[in-house]
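The values are calculated or read from the model by the stated rules, or taken from the named source; none is laboratory data. Here the structure is a predicted model, which is why all the values come from computation and not from measurement. Cβ: placed from backbone, ideal geometry, glycine included. Neighbour counts: every protein chain shown.
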Amino acid sequence: MAINSFLDYILLEKKSSLHTQKAYQSNLEEFQLFLISQGGTAGLEEVTYSEIRSWIVFLIQKGNTTRTVNRKVSVLRSYYKFLMRTGAIARSPLKEHKALKTAKQVQLPFSQDEVSQLLNSDHFPDSYTGVLQKTLLSLFYYTGIRRSELIELKLLNIDLSQGLMKVLGKRNKERLIPLLPEIKAQLQLLLDRQEEDGLLRELGLFFITEQGVKLTDSFVYQTVNDYFSIVSTKTKKSPHVLRHSFATHLLDRGADLNAIKDLLGHSSIAATQHYTHSSMAKIKEVYKNTHPREKKK
């Protein structure tokens, strides 16, 4: 079946994550169900642009944002490009399609005060879960790693003696991240607690539950959301906002954009430049305080 071949291609040749593969599969199946509900066929090879437009209208009427709709259509576009590459179709029904215009989203990072207030607090219970949650929050902020990278982090990829951590990022791209003394101490604290509690480690993972198994996406997300709700009134409180905060705070303190790019594991500088918008207030302040023509009061 063409969809199965496409999903194998996404995972094996494009080196995308299992999470991405599942998202693509869900997207294609959702479109198939829509076609069936409209009296059409589940086969996607003969689909016309008119049918895709009907799906787009249906998605918007259901309350999906234009950003979400564009993402779903992007999956279809990738699928039809694959079909063209394999010779299954001669022309993509999305060849003339233009993405819907989206409103520019400004995602606010946590402030340095909010992060310090939380990590220096006594909000974390003196239990294994409390130590675990403080450690994962600290690692997010000290290294800027992604949620999936933290969950999949292996014990053998952390060298506390050298102060280095090897991270396997998107498309299996490896990068080394230095560890500051404070996060090294917190990581060691978690290791000591795991040993004290006699936890058996699943698949060599560094972060494990009390049962010794891998953390779930929802557990990690909920940890960030619950704890930062104590110190922050920001609407969005997620692992990505912590990653955003890491980059923004480095930039605010004068870090080189290329260095931040390497730490975050971005493939291009364009992705990293997104964080410069959050630092504009700081940039203006530096400009005002240092330009020779600015009159000092």
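Residues checked against (1) surrounded by 14 or more Cβ atoms within 10 Å (Cβ to Cβ); (2) touching a residue at least 24 places away in the same chain (Cβ under 8 Å); (3) not assigned by TED's automatic domain parsing to the domain that holds LEU118:
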| site | (1), (2), (3) |
| --- | --- |
| LEU137 | yes, yes, no |
| ILE151 | yes, yes, no |
| ILE158 | yes, yes, no |
| GLN162 | no, no, no |
| GLU182 | no, yes, no |
| GLU210 | no, yes, no |
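Those residues that are closer than 24 Å to LEU119 by Cβ and free of Cβ contacts under 8 Å to residues at least 12 places away in the same chain, I need them from segment 192-208; list them, please.
The answer is ASP192, GLU195, GLU196.
Out of curiosity, is THR68 among the polar types (S, T, N, Q), modelled with pLDDT of 90 or more and out of contact with any Ser or Thr (no Cβ under 6 Å at 6 or more places or on another chain)?
In short, yes.
Looking only at segment 142-163, filter to residues that are part of a strand (DSSP E or B) and in contact with a helix residue (DSSP H, G or I) (Cβ under 9 Å, 6 or more places away or on another chain); which one of those is farthest from LEU215 (Cα to Cα)?
ILE158
Going by what's in this entry, would HIS249 be described as surrounded by 11 or more Cβ atoms within 10 Å (Cβ to Cβ), modelled with pLDDT of 90 or more and assigned to a helix (DSSP H, G or I)?
Answer is yes for this residue.
Return yes or no: is ASN172 within 27 Å of ALA255 (Cα to Cα) and modelled with pLDDT of 95 or more?
no
Consider LEU33 against the criteria (1) at pLDDT below 90; (2) out of contact with any helix residue (DSSP H, G or I) (no Cβ under 6 Å at 6 or more places or on another chain); (3) over 30 Å from ARG146 (Cβ atoms); (4) not polar (S, T, N, Q): it satisfies all of them except one. Which criterion is unmet?
Status for LEU33: all satisfied but (1).
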